[in-house]
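Bear in mind that the values in this text are calculations on the coordinates, not laboratory data. In this text the structure is predicted, and so the values were computed from the model without any measurement. Note: ideal-geometry Cβ built from the backbone for every residue, glycine included; neighbour counts use all protein chains shown.
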Amino acid sequence: MAAKCLHWLVEAMQKGPQNSPDTACLLGIVKRQYRFTPLEDLKAQTKFAQRIPKQQWWMKMRPLLRILAKHDSTYEEEGMYMTVEQGEIDSENVI
């Protein structure tokens with residue numbers, strides 16, 4: 001990631017001073033890739049009062065999470081119930 005930042009910075013310096021939206025960027029992960037996003041684009045995608053993005057990917061999963069939260073599972077217990085006394089008697093008869 002540092003190498004990618006350095007490469008971008010060297011390219012920006014070689015181009016010289018510019019007054020374009022690409023001169024101020026933020027490096028982040030977008031769809032499993034490192035990507036430079038201009039701050040002008042991020043400004044349109046952010047709720048500054050709450051400091052969160054306007055579009056959140058996990059909001060689409062909320063109906064599924066509600067279904068899973070109300071899911072009743074039935075569990076079957078395995079094994080035998082025995083008391084301590086039964087365990088002592090059986091351990092004496094073990095070959």
Take Arg66 and Gln18, extend 7 Å from each Cα along the Cα→Cβ direction, and tell me the distance between the two endpoints in nm. 4.6
Residue separation between Lys4 and Ala44 times 0.36 nm, minus their alpha-carbon distance, gives in nm 11.9 nm
